[in-house]
């Protein structure tokens, strides 16, 4: 059988291991990206490795999350990040230049290359034919230092897109349909490869919308072929030289194949509070709405906002609705301004935000109490919007725009003939807000008072004993563990301070109880830690003394982050044992150093005098990382292979 596109790229970058499904492989990383909510820690970690410059082909530091400066903290972080970029040979994208994934797609993405980013939506660049993967900041720091990135060799799921999309069916509707089919756990352990004649009807930003939300499936990455559509986009960006044709073999072998008939799809909506609670817009049409947010790394491209402008042209937003729009990049904003579309958006009553993540991560524009917000972003987790009791629905730009006019959730098909947007043959490009590396290695890192050193941790002990500090249900997200938002994001470079907010939305007493008991153990359900790549959701609990988490299953990025900071992630062999454990029980795990190699660990519940067999499915390398006390110590000890 022939090779998939995924296998071709992995094979070309393979450094360690064999390409056998489920086995660990180490791949060379060509490019990295960080953003300011995760980047400060990543560069502190890189500094701790003692290198003078990055070893990647290209690394970019973006300012796009913490752009609301209500105090000195974010501004200090940005100054530190700019000094780190200058010192270590990294491109620096200034605040206002745009969202990392949108800008990287436009200006830096290259077909066939590997990209590792400290943001879970890094697979956005899979729309360009890159193998783009989200990871914790420490993994990205290691990649910048030249170390391989290790993953379990994934299954490759082929989603064949068939036929031309029906009128008013957007790329967002396609990925919502995939989420409806697969659920938020359906992509775990998989890379999703899109093929089929339907892909030819999707431009690169539309493909990127689909690969972006592969993160919501739990997928390692998602990827489209590099074809004539890609070539056209690169030409429009003035980067025709970066094009190579990159396709799967015609007889490529896939682990699973799903066909989606695009001509049979209709506009879709994800209901609160999970991206896979997907139904047809027509089934929920008429729900009154309070707010519409159009933007985020998922849907903020030129074509997205041009379609919105066409729908709003000459009309007014309903008086009951607050409409906010955030273009994904300065390039998008500039081109909208040049052709008059920006004026149409403003005249319709839209409030134009800066080119940043903004409301998607709870930075501004929180809905009213019990408000209903339609958003074109990728996540609608409870409380993520900044309002605890708000109800967030995920929709396409077209559905969002027509709903803003009507004041209620509305199927865009009522508008009749579909809008067609002409993409410029050449975009106006201005990279003036991207500062290239200067080569000044004697640059001093500028560290404000909110930037604290990375905590150090001891090697794993042979016995872990602790109280069950909290027991949580299935699909607990990193937002539940370590909230985002304008209040907490400025503390991302200060682990002692941010640790006070661990599990705040679920149990406001968690941090204090953890400190008073000297740490303990967390018990979780299925898919524990889904969502963001934020390593703070592992590092902050570790700082509070959490040394083990026993769950039914783990999300990929979070599990690796736990390993990176020396927290033992183990899974109930019998999921019914989860029901037997209560908060306050005392759990003991003994003979760890000997039994972990055999995957033969047992958890003893001393309160109920019961034993629960557990498993971990860790590689030998991951076990060594854990026993050393985490990835940073492991690298310092030069045991990386």
For the stretch 268-415, I need the span (max minus min coordinate) of the C-alpha atoms along each principal axis, in Å, sorted largest to smallest. 39, 32, 25
Taking the beta-carbon count within 10 Å as an exposure proxy, list 595, 631 from fewest neighbours to most. 595, 631
Note to self: C-alpha centroids of the stretch 224-287 and the stretch 368-421 sit apart, in Å, by 20 Å
Give me the one-decimal nm value for the distance between modelled label points at residue 320 and residue 619, 7 Å along each residue's Cα-to-Cβ direction. 5.4 nm
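Based on the alpha-carbon gyration tensor of the stretch 238-330 and its eigenvalue square roots a ≥ b ≥ c, which shape applies: rounded if a/c is under 1.5, prolate if not and a/b is larger than b/c, or oblate?
Because a/c hits 1.5 or more and a/b fails to exceed b/c, the stretch 238-330 counts as oblate.
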Could you tell me what % of all Cα pairs in the chain have separations over 43 Å? 17 percent
Normalised by the residues of the chain, what does the relative contact order come to in percent, with Cα pairs under 8 Å and at least six apart? 15 percent
Tell me, how many Å apart are the Cα centres for the stretch 473-509 and for the stretch 572-622? 26 Å
So, R0 is 35 Å and r is the distance between the beta-carbons of residue 429 and residue 12; what FRET efficiency does that work out to, to 0.05? 0.75
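For residue 446 and residue 240 in one chain, what is 0.36 nm times their gap in residues minus the Cα-Cα distance, to one decimal in nm? Each step should come with its number before you reach the end.
Numbers: separation 206, 0.36 × 206 = 74.16 nm, distance 3.79 nm.
Result: 70.4 nm gained on full extension.
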Which of rounded, prolate, oblate describes the stretch 385-523, given a ≥ b ≥ c as roots of the alpha-carbon gyration tensor eigenvalues and a/c under 1.5 marking rounded, otherwise prolate only if a/b is larger than b/c? oblate
Modelling each spin label as a point 7 Å along the Cα-to-Cβ direction, I'd like the residue 388/residue 610 distance in nm, to one decimal. 3.2 nm
Rounded, prolate or oblate (a/c below 1.5 giving rounded, otherwise prolate when a/b exceeds b/c) for the stretch 152-243 by Cα gyration tensor: oblate
Can you work out the FRET efficiency for the pair residue 508 and residue 197, with r the C-beta to C-beta distance and R0 = 51 Å, to the nearest 0.05? 0.45
16 Å cut-off, amide nitrogen to a point 7 angstrom out along residue 279 Cα→Cβ, residues in the stretch 156-195: 177, 180-181
Could you put 579, 30, 462 in order, starting from the residue whose Cβ has the fewest other Cβ atoms within 10 Å? 579, 462, 30
Burial ordering of 13, 65, 201, fewest other beta-carbon atoms within 10 Å first: 201, 13, 65
For a paramagnetic label modelled at 7 Å from the Cα of residue 583 toward its Cβ, which residues of the stretch 460-486 fall within the zone defined by backbone nitrogen distances under 19 Å? 466-483
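Values quoted throughout were computed directly from the atomic coordinates according to the rules given, and no laboratory measurement underlies them. What you are looking at is a predicted structure, and each value in this text was computed from that prediction instead of being measured. Positions of Cβ are backbone-derived with ideal geometry, glycine not excepted, and every protein chain shown enters the neighbour counts.
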